[in-house]
Amino acid sequence: MARTLAFRQAQEGDGPLVHKWMNEDHVHPYWQLNLPWPAFHTHFQKAVNDPHQTLYIGCIHGMAMSYWEAYWVRGDVIEDFYHPHPFDQGIHLLIGEKDFLGRGYALPLLKAMVQFQFSHEDTSKVVAEPDIRNEKMIHVFQACGFKPVGPITLPDKEALLMFCEREEFERRWKDEAFIRI
């Protein structure tokens, strides 16, 4: 990939951009956050200030094009679906800008974010739970090294629980250089 990938921590001022993305036809069926601005603004402010997670804006060549939520499994609804270790992390993502869809950016971005999550030395597993209907993202997670565990019913969706183990990820991508976040 001949483009620069980068992430920056999301701020409250990113709310309008993320709100725009949540209303895109390729996003809202899976995220279900296509709320009116006042309701979304309240939701986003709470998310940005939640110490349990860190939000990121993914950029390619300096252009904001994706949204990421990196979170600790402990304290999240997902912890009820398996026996998490104290430092397991989870990831949510979306490609917001339509011009970046179908161009092969999701996998390199996901690899970079997961590598960043594994930079926490006590994290041995990254968890994902994409909407079970979102075959494209499930494919990207699998290409990155996530293994399907099984379907689960979350409060907002039917999801596929997936695990990416550090050992498998490092073995799979040992010869790749990654960006730093």
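Considering the conditions (1) part of a strand (DSSP E or B); (2) more than 26 Å from Ser124 (Cα to Cα); (3) of a type outside the set (Asp, Glu); (4) open to solvent by 30 Å² or more (accessible area, probe 1.4 Å), Gly102 is excluded by exactly one of them, (1). Evaluation of Arg171 against the conditions (1) open to solvent by less than 50 Å² (accessible area, probe 1.4 Å); (2) part of a helix (DSSP H, G or I); (3) over 29 Å from His28 (Cβ atoms) shows that the sole unmet condition is (1). Scanning the range 1-50 for residues that are hydrophobic (A, V, I, L, M, F, W, C) and open to solvent by 70 Å² or more (accessible area, probe 1.4 Å) yields a count of 3. Sub-6 Å Cβ pairs linking a first residue in the range 157-174 that is of a type outside the set (Ser, Thr, Tyr) to a second residue that is part of a strand (DSSP E or B) and open to solvent by 30 Å² or more (accessible area, probe 1.4 Å), at least 6 apart or interchain, are Leu160/Pro148; Leu160/Pro151; Leu161/Val149; Met162/Pro148; Phe163/Lys147; Phe163/Val149, ordered by first then second residue. Out of everything in the range 138-158 that is β-branched (Val, Ile, Thr) and more than 24 Å from Gly102 (Cα to Cα), what residue ends up being least open to solvent (accessible area, probe 1.4 Å)? Selected residue: Ile152. Restricting the search to the range 107-137, which residues are among the aliphatic types (A, V, I, L, M) and open to solvent by 20 Å² or more (accessible area, probe 1.4 Å)? Correct list: Leu107, Ile132, Met137.
The values are calculated or read from the model by the stated rules, or taken from the named source; none is laboratory data. Note that the coordinates shown come from a computational prediction; the quantities given were computed from them, not determined experimentally. As a convention, Cβ positions derive from the backbone with ideal geometry for all residues, glycine included, and neighbour counts pool all protein chains shown. What goes into the accessible areas is simple: the full protein's heavy atoms, side chains included, and nothing from ligands, DNA or RNA. Shrake-Rupley method; radii C 1.70, N 1.55, O 1.52, S 1.80 Å.
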